[in-house]
Amino acid sequence: MSPKLPLTLYVDAACPLCAREIIWLRRHATQECLQLVDISTPGFVSEDRSLDQLRSKLHARSADGHWLTGLDATYWSWRAAGLGKWAAPLGWRPLRPLLLLAYWLFSLARPHLGWLPHPDGSSRCTDRCGPR
């Protein structure tokens, strides 16, 4: 079942890899379908999830309040942005266990990727980059 739009995706713009995906999503999405909220903004507060939870894996929330996490948040945010052809493999049942494992490994590695250049030109992630 598709989540009710707009989908709100909680992103970490301080993360170099995440920032690239944010640029890609903004290029394709409309506000009516996908809204991006930067959890690395100073003073960010969520009433439903802690910052550690939001950093541990990707989170999205549908217009009716349903939470999606991890691979599901990625899948539905790409679809909401009109990137269904890119999202399609994420929904293929035979690939699902492998993709879930890959996402889990990425979540473990993400805090250690601060050495990557950020799209804004900075050379590394700030201390706000935590587990995703």
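Quick notes on this one:
- Bridge orientation summary for the stretch 7-112: considering DSSP beta bridges with both residues in this region, about 55 percent are antiparallel.
- Degrees separating the helix 70-80 axis from the principal Cα axis of the chain, which is the longest one: 70 degrees
- Quotient of C-alpha Rg and 2.2 N^0.38 Å, computed over the stretch 1-64: 1.10
- Summing +1 for each Lys or Arg and -1 for each Asp or Glu among the other residues whose beta-carbon sits under 10 angstrom from that of P3 gives +1.
- Rounded to the nearest 20, the size of the Cβ-charge dipole of the chain about its Cα centre is 440 debye, with Lys and Arg at +1 and Asp and Glu at -1.
- Relative contact order [Cα under 8 Å, 6+ residues apart], the chain, whole percent: 31 percent
- Between W78, W86, W104, the Gaussian network model of the chain with springs among Cα atoms under 10 angstrom shows the greatest mean-square fluctuation at W86.
- Positive-end residue, the stretch 7-112 charge dipole about Cα centroid, Cβ charges, pick of V45, A87, L7: A87
Values quoted throughout were computed directly from the atomic coordinates according to the rules given, and no laboratory measurement underlies them. This one's a predicted model, so the numbers in the text were calculated from it and none came from an experiment. Here the Cβ is made from the backbone with ideal geometry for all residues, glycine too, and neighbour counts use every protein chain on show.
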